[in-house]
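Everything on this sheet refers to the single structure shown next.
Where a number appears in this text, it was derived from the coordinates with a stated rule and is not lab data. The shown structure was predicted, so the numbers you read here are calculated from the model rather than taken from an experiment. Every residue, glycine as well, gets a Cβ built from its backbone with ideal geometry; the counts of neighbours run over all protein chains shown.
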């Protein structure tokens with residue numbers, strides 16, 4: 001989760017600073033060579049594209065490793081970066097229950113404009129898609 005800097009910045013400036021930090025220093029942004037699950041998600045409205053790889057323990061269903069690559073807007077990149085940290089150690093069942101509010105919380109954002117929701121949710125869409133392919 002991104003820490004809020006102590007600041008008197010207006011919320012729009014703080015929002016920009018948090019998102020820029022997450023996108024500039026992405027976590028787990030590399031493919032996994034021995035992934036259990038993988039999927040790709042595309043945001044056709046703006047061209048964002050993410051590929052995710054998950055390594056899942058067969059016995060417990062716990063995600064032990066996450067990798068991802070992709071191109072797109074700063075919001076999709078920042079959200080995927082934070083999501084990749086958050087889901088390590090969660091079960092696939094727990095991950096499928098994550099919501100838009102959960103992703104906003106990971107980024108420490110109170111809200112996001114309607115036009116950017118698809119960008120925000122692209123990573124979770126890809127992760128859930130990968131999980132749905134699990135046999």
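Just to confirm the number: angle between the C-alpha axis of helix 11-24 and the first principal axis of the chain, 0 to 90 degrees, nearest 10? Approximately 40 degrees, to the nearest ten. Based on the Stokes-Einstein relation at 37 °C and a viscosity of 0.692 mPa s, and on the Kirkwood radius from alpha carbon pairs, the chain is assigned a translational diffusion coefficient of 220 µm²/s.
Counting pairs of alpha carbon atoms under 8 Å apart in space and at least six apart in sequence, what relative contact order in percent does the chain give?
That works out to 30 percent.
Length available on full extension from residue 101 to residue 133: 0.36 nm per residue minus the Cα-Cα distance, which gives 9.1 nm. Between the Cα long axis of helix 117-132 and the first principal axis of the chain there is an angle of about 10°, rounded to the nearest 10.
With the highest mean first, a sort of the peptides 19-29, 119-129 on other beta-carbon atoms found within 10 angstrom per residue produces 119-129, 19-29. Between the helical axis of 74-86 and the longest alpha-carbon principal axis of the chain there is an angle of about 50 degrees.
Highest-first packing order for the peptide set 43-56, 67-80 is 67-80, 43-56, based on the mean count of other beta carbon atoms within 10 Å.
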